[in-house]
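The values are calculated or read from the model by the stated rules, or taken from the named source; none is laboratory data. As the structure is a prediction and not an experimental result, all values here were calculated from the model. Cβ: placed from backbone, ideal geometry, glycine included. Neighbour counts: every protein chain shown. Please note that ligands, DNA and RNA were not included when accessible areas were found on the heavy atoms of the full protein model with its side chains. Shrake-Rupley method; radii C 1.70, N 1.55, O 1.52, S 1.80 Å.
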Amino acid sequence: MRVIPRIDVRNDHVIKGIHLEGVRKVGRSNEMARKYAAAGADEIVFMDVVASLYGRNSLLPVIEEAAKDIFVPLTVGGGIRTVDDIVHVLRSGADKVAINTAAIERPAFLEEAAKALGSQCIVVSIEAKRTGAGWEAMTHNGRQHTARDAVEWAAEAEHRGAGEILITSIDQEGTMAGFDLDLFERVHDKVLIPVIGCGGAGNAAHVAEAARRHCVDAVCCASIFHFDKAPIPTVKKALADVGAAVRP
Amino acid sequence: MIAVVDYGRGNIYSIGQALNRIGAEFSVTDNAAAIADADRIVLPGVGAFGDAMAGLERRGLIGPLKAAAEKGTPLLGICLGMQMLADASEEFGEHAGLGLIPGRVRKLDRSAARETRIPNVGWRRLSPKPGDRLMDGLTPGAMVYFVHSYVPTPDDATDIAATIDFAGRPVAAVIRRDNVIGYQFHPEKSGDVGLGLLKRFVEFVA
């Protein structure tokens with residue numbers, strides 16, 4: 001069971017001049033990343049949450065800096081739209097990309113990316129919102145509807161070449177009230193690629209519960225770490241206590 | 001000088017950062033002469049086998065790499081780079097490898113535990129072969145990071161220097177035939193343990 005902190009990069013962006021040329025201040029995100037890596041993070045996810053504003057991912061400087069002294073896998077998401085985007089991100093020191101909107105809008109993109117670069121660097125990120133008896137896949141940071149069933153989309157993404165699924169519960173995210181374990185289980189049962197669960201962890205017991213139910217292969221958490229609710233070692237201990245295999 | 005082979009498909013930047021961190025001097029190159037002159041060679045690799053071999057072929061590097069290996073230059077293949085040391089791979093059709101460590105690259109086998117996920121992603125415990133000089137003294141329980149769907153299956157068991165457990169069976173994690181070495185995991189992404197294993201290669205005398 002991997003424990004993966006997620007860093008949403010937004011505040012570091014400074015807009016200057018009338019041409020909206022942005023300059024990334026990389027300090028804060030990298031400080032956090034270094035701290036997490038030192039605390040035992042198994043991987044780190046960086047999400048560019050203002051990518052849609054600029055029509056592209058602009059975390060390259062952040063990643064280049066991070067890769068200088070963080071030697072665990074880095075995943076980058078937000079605004080990844082073309083194979084070239086992926087190549088640039090990987091060249092800057094990232095190991096994987098997380099793709100949501102571009103994949104669901106044109107699933108053939110996943111095939112192209114997997115053929116060119118291998119499935120192992122392609123994480124399909126699915127943001128799921130409860131609807132009726134199931135969940136709808138959303139895009140644009142949970143703001144846009146797709147009318148696609150999230151679990152069905154996960155199956156198609158696997159078929160098209162995704163190496164992993166990152167499944168985030170929009171309803172639970174940020175609440176620290178616990179994961180949507182039913183969502184995780186449905187996706188986990190549907191595919192045979194690794195599933196990373198995200199959204200809602202507020203304490204170590206929430207994470208241990210996911211391990212007990214065997215419904216994810218990794219957990220991706222933001223608030224619990226950023227607001228210091230339970231540091232990484234505490235979460236790992238809780239996982240080990242329920243018998244999950246964790247890297248010490 | 002360590003030559004890190006740039007053939008268009010590999011995480012050169014991260015490997016460079018890791019080599020910097022352990023204080024090893026290197027140069028990134030796709031030049032046959034530089035490879036011939038190198039004291040050691042690192043062959044990175046991310047992506048698909050056939051595509052990667054084509055990348056080497058296009059740059060005329062297959063011959064120089066084989067020649068360097070033959071004359072005893074320590075050569076480390078990482079991840080896909082390790083797979084390329086084999087005779088051939090079945091990934092996306094049949095493709096020839098460098099043939100430096102006999103055996104084929106096959107898809108990971110989960111038949112003994114069908115719920116096992118592929119790709120094999122995450123930190124796994126290395127089981128070194130007792131007596132292997134490269135792995136000698138490795139901390140018991142050392143974990144390193146894997147992300148792969150294929151793995152070499154060397155013809156000669158003595159070429160396997162360490163294994164990990166996958167779906168209840170051992171699979172090659174480190175292979176070695178004299179000066180030719182392969183790490184299936186990413187030493188540049190495996191924290192301090194990984195940096196230590198990279199250092200082992202940098203200091204290894206075949």
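Some values worked out for this structure:
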item	result
Flag for B:S127 being in contact with a helix residue (DSSP H, G or I) (Cβ under 9 Å, 6 or more places away or on another chain) and over 21 Å from B:V4 (Cα atoms)	no
From A:E127, A:E136, A:E158, residue being closer than 24 Å to A:L74 by Cβ, part of a strand (DSSP E or B) and open to solvent by 10 Å² or more (accessible area, probe 1.4 Å)	A:E127
Residue match in the stretch A:81-96 (condition: more than 13 Å from every other protein chain (Cβ to nearest Cβ) and more than 29 Å from B:A52 (Cβ to Cβ))	no
Hits in the stretch A:161-195 (condition: out of contact with any strand residue (DSSP E or B) (no Cβ under 6 Å at 6 or more places or on another chain), outside any loop (DSSP other than H, G, I, E, B) and either within 14 Å of another protein chain (Cβ to nearest Cβ) or at pLDDT below 95 (or both))	A:E185, A:D189, A:K190
Residue satisfying all of: in the stretch B:186-206; away from every other protein chain (no Cβ under 14 Å) and part of a helix (DSSP H, G or I); surrounded by the fewest Cβ atoms within 10 Å (Cβ to Cβ) among these	B:E203
Strands (runs of 3 or more DSSP E) contained entirely in the stretch B:69-185, each with at least 3 residues that are free of Cβ contacts under 8 Å to residues at least 40 places away in the same chain and under 14 Å from the mean Cα position of the chain (by Cα)	B:160-166
Pairs where the first residue, in the stretch B:1-29, is buried (at least 19 other Cβ atoms within 10 Å of the Cβ) and the second is polar (S, T, N, Q), C-beta under 6 Å, 6+ apart	B:A3/B:T29
Complete set of residues in the stretch A:223-237 that are in contact (Cβ under 8 Å) with a residue 12 or more places away in the chain and open to solvent by 20 Å² or more (accessible area, probe 1.4 Å)	A:S223, A:H226, A:F227, A:K229, A:P231, A:P233, A:T234, A:K237
A:I170 being touching a helix residue (DSSP H, G or I) at 6+ places or on another chain (Cβ under 8 Å) and under 26 Å from A:L53 (Cα atoms)	no
